[in-house]
Amino acid sequence: MTRIVPLEDDTLDAAAVVQLTALLAELVRDDAALGWVDPPGVEEIEKLLKQLLAREPGDAHAVVAFVEEEVAGFGYWTRYPRPTHRPHADLEKLAVGTRFGGRGLGRALLRELIAGARTAGVEQLTLDFRGDNARAEKLYLSEGFREYGRLREFVAPADGRRLDKVLHVLDLREAGAPHA
Ligand SMILES: CC(C)(COP(=O)(O)OP(=O)(O)OC[C@H]1O[C@@H](n2cnc3c(N)ncnc32)[C@H](O)[C@@H]1OP(=O)(O)O)[C@@H](O)C(=O)NCCC(=O)NCCS
């Protein structure tokens with residue numbers, strides 16, 4: 001059974017945090033562009049979860065996917081801190097464990113994050129990804145995001161490559177926006 005649940009204080013016990021860390025670490029080791037150069041450790045993930053849980057309602061939204069009782073995916077957005085950007089939020093991470101990929105979890109997490117943004121009154125939801133991530137690009141475009149910019153050769157992994165950073169936005173004010 002698959003479940004997508006919002007992150008709350010009791011969503012992830014210690015064992016589940018270890019599962020989430022292992023899932024993210026494996027993706028980073030396999031060259032996923034999730035913002036980490038080195039695979040994150042449990043302490044770092046605990047700190048991230050704590051920070052997300054400490055945000056005011058409507059200021060951040062995190063979701064977790066479970067398959068049976070195992071952590072299979074994770075994602076979150078946070079509102080922009082800059083006062084003049086407060087109506088908007090940035091989808092900072094979306095990740096599905098390698099073993100759980102290709103069965104609709106990424107799309108389900110993304111839809112839940114979009115629904116949460118809409119409920120919170122977010123006007124524009126932004127995100128970015130690395131230019132070689134065709135899978136993410138296809139997913140985001142199919143959910144209504146559009147490319148608003150591309151920084152050529154901006155992402156510099158440790159191995160010396162230079163890859164584009166692609167910027168997407170979903171305008172939730174548009175009447176015809178998906179899942180309105
Ligand atoms: C991107 C990611 C979240 C997608 O999760 P997923 O659960 O595998 O995706 P889904 O099964 O929901 O598929 C969603 C769409 O992605 C695309 N997709 C999925 N697998 C794909 C593949 N092997 N090749 C190309 N596109 C693919 C398709 O458009 C698919 O929609 P469709 O099945 O209706 O055609 C996941 O691959 C991941 O965590 N990658 C590493 C981290 C990352 O890159 N995150 C996003 C950038 S921050």
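The values are calculated or read from the model by the stated rules, or taken from the named source; none is laboratory data. Given the structure is predicted, the values throughout are model-derived calculations rather than measurements. Glycine also receives a Cβ, built like all others from the backbone with ideal geometry; neighbour counts cover every protein chain displayed. Remember, those area values only see protein heavy atoms, side chains included, never the ligands or the DNA or RNA. Shrake-Rupley method; radii C 1.70, N 1.55, O 1.52, S 1.80 Å.
Between Asn133, His168, Trp36, the Cα set farthest toward the positive side of the dipole of the chain (charges on each charged residue's Cβ, about the Cα centre) is that of His168. Accessible surface for the range 2-171, divided over its residues, is 53 Å² per residue with a 1.4 Å probe.
For the range 2-171, the alpha-carbon radius of gyration amounts to 0.99 times the rule-of-thumb value 2.2 N^0.38 Å expected for a compact globular protein. Remark: the range 132-145, residue by residue, has Karplus-estimated 3J(HN,Hα) of 8, 9, 4, 5, 5, 4, 4, 4, 5, 4, 6, 9, x, 6 Hz, where x stands for each Gly or Pro and the curve is 6.51 cos²θ - 1.76 cosθ + 1.60 at θ = phi - 60°. Amide H contacts of Phe154 (H built 1.01 Å from N, in plane; Pro and chain starts excluded): Leu163, Asp164, Lys165 sit under 5 Å, all sequence-distant by 5 or more or on other chains. Classify the range 96-161: rounded, prolate or oblate, from the alpha-carbon gyration tensor (a ≥ b ≥ c, eigenvalue square roots; a/c under 1.5 rounded; otherwise prolate if a/b is larger than b/c)? Because a/c hits 1.5 or more and a/b fails to exceed b/c, the range 96-161 counts as oblate.
If I take R0 = 25 Å and measure r between the Cβ atoms of Glu174 and Gln51 in this structure, what FRET efficiency does the formula 1/(1 + (r/R0)^6) give, to the nearest 0.05? It comes to 0.20. Under 5 Å from the amide H of Gly73 lie the amide H atoms of Ala65, Gly97, each residue being 5 or more positions distant or on a separate chain, with H modelled from the backbone and absent for Pro and chain starts.
Using the Karplus relation 6.51 cos²θ - 1.76 cosθ + 1.60 with θ = phi - 60°, the per-residue 3J(HN,Hα) values for the range 25-41 come to 4, 5, 4, 5, 4, 8, 6, 5, 8, 10, x, 9, 7, 10, x, x, x Hz, with x marking Gly and Pro. Computed from backbone phi, the HN-Hα couplings of the range 94-101 come to 9, 8, 10, x, 3, 5, 10, x Hz, rounded to whole numbers (Karplus: 6.51 cos²θ - 1.76 cosθ + 1.60, θ = phi - 60°; Gly and Pro given as x). If R0 is taken as 30 Å, the Cβ-Cβ distance between Glu44 and Glu153 corresponds to a FRET efficiency of 0.60.
Give the shape of the range 41-120 as rounded, prolate or oblate, defined through the alpha-carbon gyration tensor: a ≥ b ≥ c are the square roots of its eigenvalues, a/c under 1.5 means rounded, and otherwise the shape is prolate if a/b is larger than b/c and oblate if not. The shape class here is oblate.
Under the convention that each Lys and Arg Cβ holds +1 and each Asp and Glu Cβ holds -1, the size of the dipole of the range 54-170 around its Cα centre is about 320 debye. Length gained on full extension, Thr98 to Arg82: 2.3 nm, using 0.36 nm per residue less the C-alpha separation.
Nonpolar atom fraction for the chain, defined as the carbon and sulfur part of the 1.4 Å probe accessible area, stands at 49 percent.
In the range 2-171, the DSSP beta bridges split such that about 90 percent are antiparallel, to the nearest 5.
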